[in-house]
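These notes concern the structure reproduced below.
The values are calculated or read from the model by the stated rules, or taken from the named source; none is laboratory data. The shown structure was predicted, so the numbers you read here are calculated from the model rather than taken from an experiment. Positions of Cβ are generated from backbone atoms using ideal geometry, with glycine treated the same way; all protein chains shown enter the neighbour counts. Please note that ligands, DNA and RNA were not included when accessible areas were found on the heavy atoms of the full protein model with its side chains. Shrake-Rupley method; radii C 1.70, N 1.55, O 1.52, S 1.80 Å.
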Amino acid sequence: MTKLQNFILRTSVVLSIIFSVCPTAFAMHIMEGYLPPAMCIVWGVVCLPFVIKGLFTIKKIFAENRRAITMLAMSGAFIFVISALKIPSVTGSCSHMTGTGLGAILFGPCTVSILGIIVLIFQAILLAHGGLTTLGANTFSMAIAGPLLSYGIFRLCKKLNVSKKVGVFLAASLGDLFTYCITSIQLAIAYPSENGGVMASVVEFLGVFAPTQLPLAIVEGILTVLIVMALESYAVPELKAIGYEA
């Protein structure tokens, strides 16, 4: 077993032990068996190009710079930890932060698709958070759509000479909210409203998530800014190694 494999194994064991004691709760990830089989397959197929691109990207990162492993592992651990903290909603559902904005900012969106799918598999198996049959749908919303928007917003803010802190905040918080928008659309397609169809159902699902997700998105944006500031202060060589301009 290589050093990288040993590191990943040890990290996953520690994280699984820490969070296996958390209470079970129903949360934003679409749970096992909630989507029709056909939709599970469709969302899985939609994810394939992004996941394959992510694998190639990570392979290239490892080939060019072995020091990037630490930063990549940190981004994955951040996603696992922050997305496992489930906050009860006043509507009876639960919400949580996604943590994918940080990885998208540092490595790009396709890399996060791999980090996200690993986290989702662990959470489905160990925490009953999400499901294996709905893995494709959850991967698309949290590990593909959200990171794509986060990366796009960060690059746009950089091009427009917006303050880096503001850019990081907007990227992380809006990427979080976009994940929930996509999840609402996925659920609405599966369960359209009898009166207003898919769009009415989208509004209903967004209304369920909004009371807790809006403040959580702000919190995630602030946390991501603080982490980036810390990295820029204490991990400049590592950031330069992955091509991030501190």
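Worth pointing out:
- For the range 107-241, the per residue solvent-accessible surface stands at 43 Å², with DNA, RNA and ligands left out and a 1.4 Å probe.
- Tail beyond 21 Å, pair distance distribution of the range 126-209 (Cα, percent): 43 percent
- Cβ-Cβ distance of N161 and E194, R₀ of 51 Å, FRET efficiency by 1/(1 + (r/R0)^6): the value works out to about 0.55.
- R0 of 45 Å, Cβ-Cβ distance M229-A128: FRET efficiency to nearest 0.05: 0.80
- Each Lys and Arg adds +1 at its Cβ and each Asp and Glu adds -1 at its Cβ; summed about the Cα centre, the range 59-194 shows a dipole of about 680 debye.
- Ligands, DNA and RNA left out, the accessible area of the range 151-246 computed with a 1.4 Å probe is 69% carbon and sulfur.
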